[in-house]
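Each remark here refers to the structure printed beneath this line.
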Amino acid sequence: MELSREAGWATVREKLYLGELDAAQAPASMILELSLGYNGIVRECITGFFTAHNGNAITLSNELWELGVRDGESLARVVKENPQRRFTFAGVLKFSSQNYLMRHWLLANGVVPERDVNLVIVPPQQVHASLKNGYIDGYCVAEPWSSYGLLQNIGWCATLTSDFAPMHPEKVFMATKSFYEEEPARYLALLDALWKASHYCDQSQNRAAVAELLARPEYVDVSQEVLGNALVGPFQLGNGQDRDARDAIVFNRNDANRPSLQKAAWVLDQISIHKLVPNMKRPSKNKLQSLFREDVYTDLLTHLSPALTSN
């Protein structure tokens, strides 16, 4: 097997479709996007494992802070009081939790995307420059990119997504169906390694070591300080504020790795609620269960040491 570092989620999606990747960590929505052809290309995939929950934050511009914004309610007021100004906010991928959660947070505070403000898609590595240069007024992005901007004072964090959507599904370890069916035991062995890694990463005493490892050039290649903001904490929100980072990212606790039908339904509901697929037909329960393979995960648990799963 060969490990490949990719440039972005769109590249992961295309390579899975073309068969250049057999398996990858990816946004949970990508299972549905590829398997059901939401972007016009179809490659059936499965997942037996969620790798993370939470992990996102909503960052707003320093200009909005100066205008008196401190939370969603005050943002709604500023938007209403400035009808001559068209504010713009960003997610990082159409079918991503960042897009759904940005929309969710705005709607929950009375700001309707597309009607009251613009919603655009900006790749994670570009959101900071876009905010700094005034092209957007805020964004929802995953770690470490939230912390990367916050620690440079490019903006300030209005909320962690774990505050208003606790334990929301985030990333999965997905594989093409053909790769899985060719040798199920191989995929199960990969999940075994991922479960043990997730368990390790969720132990508070290991978080600093995880940040140090991920900071290396061959991995995430950002500073240990940036990675430690959410992994170790306290989480620096900007403008002199901070908070506990315990639930900023959840890797293993709370049955996080289980690819349950409930989690699959959450992802599907977001796509439907925000009308991201015209004339969307909801797949059956059986179809969802064939993509989010809780049976594979259950099989994994039977192979793990009871000493691990009891912690």
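Within the stretch 109-125, is even one residue touching a strand residue (DSSP E or B) at 6+ places or on another chain (Cβ under 7 Å) and crowded, with 23+ Cβ neighbours inside 10 Å? For the stretch 109-125, residues touching a strand residue (DSSP E or B) at 6+ places or on another chain (Cβ under 7 Å) and crowded, with 23+ Cβ neighbours inside 10 Å: absent. Taking every residue in the stretch 1-30 that is assigned to a loop (DSSP other than H, G, I, E, B) and pairing it with any residue that is crowded, with 17+ Cβ neighbours inside 10 Å and acidic (D, E), at least 6 positions away or on another chain, the pairs with Cβ-Cβ distances below 7 Å are A28/E170. The residues of the stretch 174-185 that are of a type in the set (D, E, K, R) and within 24 Å of E33 (Cβ to Cβ), listed by number, are K177, E181, E182.
Results for (1) under 22 Å from the mean Cα position of the chain (by Cα); (2) under 20 Å from S146 (Cβ atoms), shown as yes or no for each residue.
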| position | (1), (2) |
| --- | --- |
| L64 | no, yes |
| E73 | no, no |
| E81 | no, no |
| S96 | yes, yes |
| L101 | yes, yes |
| N109 | yes, yes |
| N118 | yes, no |
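Within the option set G48, G55, being under 21 Å from L194 (Cβ atoms), within 10 Å of the chain's Cα centre (by Cα) and surrounded by 21 or more Cβ atoms within 10 Å (Cβ to Cβ) holds for one residue only, G55. For the stretch 142-153, filtered to residues that are assigned to a loop (DSSP other than H, G, I, E, B) and of a type outside the set (A, V, I, L, M, F, W, C), the residue that is nearest to V79 (Cα to Cα) is N153. You will find that of P234, P278, the residue that is more than 18 Å from the chain's Cα centre (by Cα) and either modelled with pLDDT under 95 or among the β-branched types (V, I, T) (or both) is P278 and no other. Take the stretch 102-124 and flag every residue that is out of contact with any helix residue (DSSP H, G or I) (no Cβ under 7 Å at 6 or more places or on another chain), under 17 Å from N56 (Cα atoms) and assigned to a helix (DSSP H, G or I). If the condition is that a residue be out of contact with any helix residue (DSSP H, G or I) (no Cβ under 7 Å at 6 or more places or on another chain), under 17 Å from N56 (Cα atoms) and assigned to a helix (DSSP H, G or I), then M102, R103, H104, L106 are the ones that fit. The residues in the stretch 32-70 that are β-branched (V, I, T) and farther than 25 Å from L107 by Cβ can be counted, and the count is 5.
When L106, L75, L101 are checked against the criterion of being hydrophobic (A, V, I, L, M, F, W, C), free of Cβ contacts under 8 Å to residues at least 40 places away in the same chain, under 30 Å from G228 (Cβ atoms) and crowded, with 18+ Cβ neighbours inside 10 Å, a single residue qualifies: L106.
Within the stretch 286-298, residues that are closer than 17 Å to S29 by Cβ and without any contact (Cβ under 8 Å) to a residue 24 or more places away in the chain reach partners that are crowded, with 19+ Cβ neighbours inside 10 Å and among the polar types (S, T, N, Q) with beta carbons closer than 9 Å, at six or more positions or on different chains, in the pairs K287/S35.
Tallying residues that are in contact with a helix residue (DSSP H, G or I) (Cβ under 9 Å, 6 or more places away or on another chain) and farther than 23 Å from A28 by Cα within the stretch 172-208 yields 3.
The residue list Y180, Y139 contains one member that is touching a residue at least 60 places away in the same chain (Cβ under 8 Å), part of a strand (DSSP E or B), of a type in the set (F, W, Y) and within 22 Å of R13 (Cβ to Cβ), which is Y139. Residues of the stretch 191-219 that are buried (at least 18 other Cβ atoms within 10 Å of the Cβ) and not in a helix (DSSP H, G or I): D202, A215.
Within the option set A185, A142, being within 30 Å of T298 (Cβ to Cβ), within 15 Å of the chain's Cα centre (by Cα) and surrounded by fewer than 23 Cβ atoms within 10 Å (Cβ to Cβ) holds for one residue only, A142.
This table checks each residue for (1) surrounded by fewer than 22 Cβ atoms within 10 Å (Cβ to Cβ); (2) of a type in the set (A, V, I, L, M, F, W, C).
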site: V226; (1), (2): no, yes
site: V232; (1), (2): yes, yes
site: L237; (1), (2): yes, yes
site: D242; (1), (2): yes, no
site: N254; (1), (2): yes, no
site: S260; (1), (2): yes, no
site: W266; (1), (2): yes, yes
site: I273; (1), (2): yes, yes
site: V277; (1), (2): yes, yes
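The values are calculated or read from the model by the stated rules, or taken from the named source; none is laboratory data. The structure presented is a predicted model; accordingly, all values stated were derived computationally and were not measured. We place every Cβ from the backbone using ideal geometry, glycine too, and count neighbours over all the protein chains shown.
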